[in-house]
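Structure, as C-alpha coordinates:
The values are calculated or read from the model by the stated rules, or taken from the named source; none is laboratory data. All of these numbers come straight from a predicted model, not from anything done at the bench. Quick reminder, even Gly has a Cβ in these numbers, built from the backbone with ideal geometry, and neighbours come from all protein chains shown. Quick note on the areas: whole protein, heavy atoms, side chains included, nothing else; ligands and nucleic acids left out. Shrake-Rupley method; radii C 1.70, N 1.55, O 1.52, S 1.80 Å.
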Amino acid sequence: MTIIIRPDPSPYPLVGDHGQGPSTVYVRDVAIGGVRPILAAGPCAVETPEQTYQAACMAHRAGATLLRGGAYKPRTSPYAFQGLAVQGLKILTEVSIAVGLPFVTEVLDTGDVDTVAAHADMLQVGARNMHNFALLRAVGTAGKPVLLKRGVAATIEEFLLAAEYIAQAGGEDIVLCERGIRTFETATRFTLDIAAVPVVRSRSHLPVIVDPSHAAGKRRFVLPLAAAALAAGADGLLIEMHPDPAKALCDGAQALVEDDVLPLAAIMGRAWQAYDGTLGERAEPNHAE
Ligand code: PEP
Ligand code: MN
(Lines give C-alpha, C1' and ligand atoms only; values in the text may rest on other atoms or scores of the structure.)
(Ligands and ions follow the chains in the order given, each with its own letter.)
Protein backbone atom coordinates (compact mmCIF):
# COMPACT_ATOMS: atom_id res chain seq x y z
CA MET A 1 0.00 0.00 0.00
CA THR A 2 1.28 3.42 -0.90
CA ILE A 3 0.54 6.21 1.51
CA ILE A 4 0.36 9.60 -0.16
CA ILE A 5 1.01 12.43 2.22
CA ARG A 6 -0.59 15.60 0.96
CA PRO A 7 0.38 19.02 2.27
CA ASP A 8 -2.28 20.62 4.47
CA PRO A 9 -4.89 22.31 2.33
CA SER A 10 -4.58 26.09 2.48
CA PRO A 11 -6.77 27.64 5.18
CA TYR A 12 -7.58 30.38 2.66
CA PRO A 13 -7.77 28.91 -0.82
CA LEU A 14 -9.09 32.12 -2.39
CA VAL A 15 -6.95 34.83 -0.80
CA GLY A 16 -3.82 32.78 -0.17
CA ASP A 17 -0.79 33.05 -2.40
CA HIS A 18 -0.54 29.77 -4.20
CA GLY A 19 2.19 30.87 -6.52
CA GLN A 20 0.04 32.98 -8.81
CA GLY A 21 1.81 36.19 -7.75
CA PRO A 22 0.39 39.44 -6.44
CA SER A 23 -2.93 40.68 -7.72
CA THR A 24 -4.01 44.19 -8.57
CA VAL A 25 -7.32 45.61 -7.37
CA TYR A 26 -8.92 48.38 -9.41
CA VAL A 27 -11.04 51.11 -7.88
CA ARG A 28 -12.34 52.68 -11.07
CA ASP A 29 -9.03 53.31 -12.86
CA VAL A 30 -6.86 53.37 -9.72
CA ALA A 31 -4.65 50.29 -9.51
CA ILE A 32 -3.85 49.08 -5.98
CA GLY A 33 -1.08 46.51 -5.92
CA GLY A 34 0.47 47.84 -9.08
CA VAL A 35 4.01 49.09 -9.48
CA ARG A 36 3.47 52.31 -7.54
CA PRO A 37 2.05 52.55 -4.03
CA ILE A 38 -1.16 54.55 -3.81
CA LEU A 39 -2.36 57.16 -1.33
CA ALA A 40 -5.95 57.18 -0.09
CA ALA A 41 -6.56 60.27 2.03
CA GLY A 42 -9.26 62.54 3.36
CA PRO A 43 -11.11 63.34 6.56
CA CYS A 44 -11.89 60.81 9.26
CA ALA A 45 -15.55 61.84 9.11
CA VAL A 46 -17.61 63.84 6.67
CA GLU A 47 -18.78 66.85 8.71
CA THR A 48 -19.77 69.49 6.17
CA PRO A 49 -19.47 69.89 2.38
CA GLU A 50 -16.80 72.59 2.84
CA GLN A 51 -14.70 70.58 5.31
CA THR A 52 -14.88 67.50 3.08
CA TYR A 53 -13.98 69.49 -0.03
CA GLN A 54 -11.03 71.18 1.68
CA ALA A 55 -9.72 67.89 3.05
CA ALA A 56 -10.11 66.31 -0.40
CA CYS A 57 -8.10 69.16 -1.96
CA MET A 58 -5.34 68.59 0.61
CA ALA A 59 -5.43 64.86 -0.24
CA HIS A 60 -5.20 65.63 -3.95
CA ARG A 61 -2.21 67.93 -3.42
CA ALA A 62 -0.48 65.25 -1.36
CA GLY A 63 -0.73 62.88 -4.32
CA ALA A 64 -3.83 60.91 -3.36
CA THR A 65 -5.61 59.00 -6.10
CA LEU A 66 -8.38 57.88 -3.76
CA LEU A 67 -10.52 59.95 -1.36
CA ARG A 68 -11.45 58.54 2.03
CA GLY A 69 -14.10 59.78 4.45
CA GLY A 70 -16.59 58.32 6.90
CA ALA A 71 -20.34 58.81 6.62
CA TYR A 72 -21.08 56.04 9.13
CA LYS A 73 -18.68 56.24 12.07
CA PRO A 74 -18.01 53.37 14.48
CA ARG A 75 -17.57 55.32 17.74
CA THR A 76 -16.52 53.92 21.07
CA SER A 77 -19.09 56.09 22.82
CA PRO A 78 -22.73 56.11 21.74
CA TYR A 79 -22.76 59.83 22.62
CA ALA A 80 -20.02 60.70 20.10
CA PHE A 81 -20.71 61.97 16.57
CA GLN A 82 -21.97 58.98 14.59
CA GLY A 83 -21.63 60.41 11.08
CA LEU A 84 -24.04 62.02 8.62
CA ALA A 85 -25.13 58.68 7.07
CA VAL A 86 -26.86 59.14 3.67
CA GLN A 87 -26.27 62.90 3.73
CA GLY A 88 -22.55 62.11 4.17
CA LEU A 89 -22.61 59.74 1.21
CA LYS A 90 -24.12 62.51 -0.93
CA ILE A 91 -21.44 64.98 0.16
CA LEU A 92 -18.73 62.41 -0.60
CA THR A 93 -20.21 61.80 -4.05
CA GLU A 94 -20.25 65.52 -4.87
CA VAL A 95 -16.75 66.13 -3.55
CA SER A 96 -15.42 63.04 -5.30
CA ILE A 97 -16.71 64.38 -8.63
CA ALA A 98 -15.44 67.89 -7.90
CA VAL A 99 -11.87 66.76 -7.17
CA GLY A 100 -11.87 63.81 -9.58
CA LEU A 101 -11.01 61.13 -7.05
CA PRO A 102 -13.00 57.91 -6.48
CA PHE A 103 -13.87 57.37 -2.83
CA VAL A 104 -13.79 54.67 -0.18
CA THR A 105 -16.13 54.83 2.79
CA GLU A 106 -17.01 52.56 5.68
CA VAL A 107 -20.16 50.49 6.01
CA LEU A 108 -21.11 49.35 9.52
CA ASP A 109 -24.33 47.47 9.07
CA THR A 110 -25.50 44.78 6.67
CA GLY A 111 -28.70 46.79 6.17
CA ASP A 112 -26.70 49.73 4.76
CA VAL A 113 -24.52 47.80 2.31
CA ASP A 114 -26.72 48.40 -0.75
CA THR A 115 -27.06 52.12 -0.02
CA VAL A 116 -23.34 52.60 0.56
CA ALA A 117 -22.49 50.50 -2.51
CA ALA A 118 -24.82 52.63 -4.63
CA HIS A 119 -22.70 55.71 -3.81
CA ALA A 120 -19.16 54.54 -3.05
CA ASP A 121 -16.41 53.27 -5.34
CA MET A 122 -15.00 51.04 -2.59
CA LEU A 123 -16.51 49.72 0.66
CA GLN A 124 -14.51 49.77 3.88
CA VAL A 125 -14.98 47.23 6.65
CA GLY A 126 -13.44 48.76 9.75
CA ALA A 127 -11.31 47.20 12.45
CA ARG A 128 -14.25 46.82 14.83
CA ASN A 129 -16.16 44.81 12.24
CA MET A 130 -13.40 42.54 10.98
CA HIS A 131 -15.06 39.66 12.83
CA ASN A 132 -18.60 40.58 11.74
CA PHE A 133 -19.08 37.61 9.45
CA ALA A 134 -22.54 38.66 8.27
CA LEU A 135 -21.12 42.01 7.16
CA LEU A 136 -18.13 40.35 5.49
CA ARG A 137 -20.49 38.17 3.47
CA ALA A 138 -22.73 41.12 2.63
CA VAL A 139 -19.91 43.29 1.28
CA GLY A 140 -18.71 40.26 -0.67
CA THR A 141 -21.91 40.31 -2.69
CA ALA A 142 -22.07 44.08 -3.20
CA GLY A 143 -20.15 44.18 -6.47
CA LYS A 144 -17.65 46.78 -5.26
CA PRO A 145 -14.00 46.39 -4.21
CA VAL A 146 -13.55 46.09 -0.44
CA LEU A 147 -10.98 47.61 1.91
CA LEU A 148 -10.72 45.30 4.92
CA LYS A 149 -9.02 46.65 8.04
CA ARG A 150 -7.33 44.40 10.55
CA GLY A 151 -9.12 44.01 13.88
CA VAL A 152 -7.31 45.53 16.86
CA ALA A 153 -6.84 42.10 18.45
CA ALA A 154 -6.79 39.94 15.33
CA THR A 155 -3.89 37.74 14.33
CA ILE A 156 -2.74 37.86 10.72
CA GLU A 157 -4.29 34.41 10.29
CA GLU A 158 -7.68 35.72 11.46
CA PHE A 159 -7.26 38.78 9.22
CA LEU A 160 -6.74 36.59 6.15
CA LEU A 161 -9.63 34.32 7.12
CA ALA A 162 -11.89 37.38 7.36
CA ALA A 163 -10.81 38.29 3.83
CA GLU A 164 -11.60 34.72 2.79
CA TYR A 165 -15.23 35.25 3.95
CA ILE A 166 -15.53 38.21 1.57
CA ALA A 167 -13.93 36.30 -1.32
CA GLN A 168 -16.07 33.23 -0.68
CA ALA A 169 -19.18 35.41 -0.94
CA GLY A 170 -18.02 36.50 -4.39
CA GLY A 171 -16.05 39.67 -3.73
CA GLU A 172 -12.54 38.87 -4.80
CA ASP A 173 -11.36 42.49 -5.17
CA ILE A 174 -10.07 42.96 -1.66
CA VAL A 175 -7.37 45.25 -0.29
CA LEU A 176 -6.05 44.50 3.21
CA CYS A 177 -5.19 47.33 5.60
CA GLU A 178 -2.88 47.09 8.62
CA ARG A 179 -3.94 49.84 11.05
CA GLY A 180 -2.26 48.95 14.33
CA ILE A 181 -3.07 46.43 17.00
CA ARG A 182 -3.62 46.73 20.73
CA THR A 183 -0.56 46.04 22.88
CA PHE A 184 0.66 47.15 26.31
CA GLU A 185 2.13 50.30 24.72
CA THR A 186 0.25 53.51 25.43
CA ALA A 187 2.53 56.08 23.76
CA THR A 188 0.68 55.56 20.51
CA ARG A 189 -3.02 54.86 20.05
CA PHE A 190 -2.27 51.38 18.67
CA THR A 191 0.98 49.59 17.83
CA LEU A 192 1.58 49.57 14.09
CA ASP A 193 2.52 46.02 13.15
CA ILE A 194 4.96 46.74 10.34
CA ALA A 195 5.79 43.04 10.17
CA ALA A 196 2.24 42.41 8.98
CA VAL A 197 3.23 43.90 5.61
CA PRO A 198 5.87 41.33 4.59
CA VAL A 199 4.00 38.52 6.37
CA VAL A 200 0.75 39.25 4.51
CA ARG A 201 2.69 39.60 1.26
CA SER A 202 4.23 36.16 1.82
CA ARG A 203 0.86 34.51 2.49
CA SER A 204 -1.63 36.30 0.27
CA HIS A 205 -1.82 37.63 -3.28
CA LEU A 206 -3.98 40.54 -2.08
CA PRO A 207 -2.56 44.06 -1.96
CA VAL A 208 -1.81 45.34 1.53
CA ILE A 209 -1.88 48.99 2.53
CA VAL A 210 -1.13 50.67 5.87
CA ASP A 211 -3.09 53.22 7.91
CA PRO A 212 -0.52 55.07 10.05
CA SER A 213 -3.14 57.59 11.28
CA HIS A 214 -5.15 55.30 13.56
CA ALA A 215 -1.99 53.51 14.70
CA ALA A 216 -0.22 56.72 15.66
CA GLY A 217 -3.19 58.57 17.12
CA LYS A 218 -0.97 61.68 17.12
CA ARG A 219 -0.19 63.82 14.08
CA ARG A 220 3.57 63.98 14.67
CA PHE A 221 4.00 60.22 14.38
CA VAL A 222 1.97 59.70 11.21
CA LEU A 223 4.61 60.59 8.60
CA PRO A 224 7.45 58.47 10.05
CA LEU A 225 5.11 55.47 10.18
CA ALA A 226 3.95 56.21 6.63
CA ALA A 227 7.54 56.18 5.39
CA ALA A 228 8.26 52.96 7.29
CA ALA A 229 5.20 51.26 5.80
CA LEU A 230 6.27 52.04 2.25
CA ALA A 231 9.83 50.93 2.96
CA ALA A 232 8.43 47.61 4.21
CA GLY A 233 6.64 47.09 0.90
CA ALA A 234 3.10 48.36 1.50
CA ASP A 235 1.02 48.86 -1.64
CA GLY A 236 -0.25 52.15 -0.31
CA LEU A 237 -1.31 54.33 2.59
CA LEU A 238 -4.63 55.36 4.12
CA ILE A 239 -4.25 58.72 5.85
CA GLU A 240 -6.56 61.16 7.63
CA MET A 241 -6.35 64.92 7.10
CA HIS A 242 -8.46 67.87 8.13
CA PRO A 243 -8.44 71.59 7.24
CA ASP A 244 -8.99 72.54 10.91
CA PRO A 245 -8.35 69.57 13.24
CA ALA A 246 -9.09 71.59 16.39
CA LYS A 247 -12.72 71.65 15.24
CA ALA A 248 -12.83 68.04 14.00
CA LEU A 249 -15.74 65.95 15.25
CA CYS A 250 -13.64 62.79 15.13
CA ASP A 251 -9.91 61.93 15.38
CA GLY A 252 -8.61 65.51 15.18
CA ALA A 253 -5.38 64.69 17.05
CA GLN A 254 -4.18 62.36 14.32
CA ALA A 255 -5.31 64.39 11.31
CA LEU A 256 -2.57 65.75 9.07
CA VAL A 257 -2.71 69.50 8.40
CA GLU A 258 -1.77 71.75 5.52
CA ASP A 259 1.90 71.81 6.60
CA ASP A 260 2.06 68.04 6.25
CA VAL A 261 0.85 67.95 2.65
CA LEU A 262 4.19 68.56 0.92
CA PRO A 263 6.19 66.25 3.21
CA LEU A 264 3.62 63.51 2.56
CA ALA A 265 3.83 64.14 -1.20
CA ALA A 266 7.61 63.81 -0.90
CA ILE A 267 7.28 60.48 0.93
CA MET A 268 4.94 59.22 -1.79
CA GLY A 269 7.30 60.51 -4.48
CA ARG A 270 10.24 58.53 -3.22
CA ALA A 271 8.22 55.46 -2.25
CA TRP A 272 9.44 53.50 -5.22
CA GLN A 273 13.02 54.08 -4.04
CA ALA A 274 12.32 53.20 -0.42
CA TYR A 275 11.15 49.68 -1.08
CA ASP A 276 13.68 47.17 -2.27
CA GLY A 277 11.42 44.78 -4.15
CA THR A 278 13.84 41.90 -3.68
CA LEU A 279 13.12 41.83 0.04
CA GLY A 280 10.47 39.43 1.28
CA GLU A 281 9.34 38.33 -2.17
CA ARG A 282 6.02 36.55 -2.33
CA ALA A 283 6.62 32.96 -3.34
CA GLU A 284 5.71 30.78 -0.45
CA PRO A 285 2.91 28.44 -1.51
CA ASN A 286 0.95 27.31 1.54
CA HIS A 287 2.81 29.93 3.51
CA ALA A 288 5.76 27.77 4.45
CA GLU A 289 8.04 29.88 6.62
C1 PEP B 1 -11.48 54.75 9.84
O2 PEP B 1 -10.70 54.41 8.92
O3 PEP B 1 -12.14 55.78 9.82
C4 PEP B 1 -11.60 53.90 11.03
C5 PEP B 1 -12.64 54.01 11.87
O6 PEP B 1 -10.59 53.05 11.18
P7 PEP B 1 -10.46 51.71 12.05
O8 PEP B 1 -11.63 50.86 11.67
O9 PEP B 1 -9.14 51.17 11.61
O10 PEP B 1 -10.48 52.13 13.49
MN1 MN C 1 -10.63 58.04 12.12
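Given A265, A246, A253, which one is surrounded by fewer than 17 Cβ atoms within 10 Å (Cβ to Cβ), at pLDDT 95 or above, within 30 Å of G83 (Cα to Cα) and under 19 Å from the mean Cα position of the chain (by Cα)? Before the answer, list the steps.
Working: A246 fails: under 19 Å from the mean Cα position of the chain (by Cα); A253 fails: under 19 Å from the mean Cα position of the chain (by Cα).
It is A265.
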Give me the strands (runs of 3 or more DSSP E) completely within segment 1-100, filtered to those with at least 1 residues that are open to solvent by 30 Å² or more (accessible area, probe 1.4 Å), ordered by residue number.
25-27, 30-32
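Residues checked against (1) away from ligand 1 (no atom under 13 Å from the Cβ); (2) in a strand (DSSP E or B):
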position	(1), (2)
H131	no, no
E164	yes, no
C177	no, yes
I209	no, yes
For segment 218-243, which residues satisfy the criterion of being open to solvent by less than 30 Å² (accessible area, probe 1.4 Å) and within 16 Å of ligand 2 (Cβ to nearest atom)?
V222, A226, L237, L238, I239, E240, M241, H242
Give the residue that is nearest to R137 (Cα to Cα), with candidates limited to residues of segment 172-189 that are open to solvent by less than 10 Å² (accessible area, probe 1.4 Å) and free of Cβ contacts under 8 Å to residues at least 60 places away in the same chain.
L176
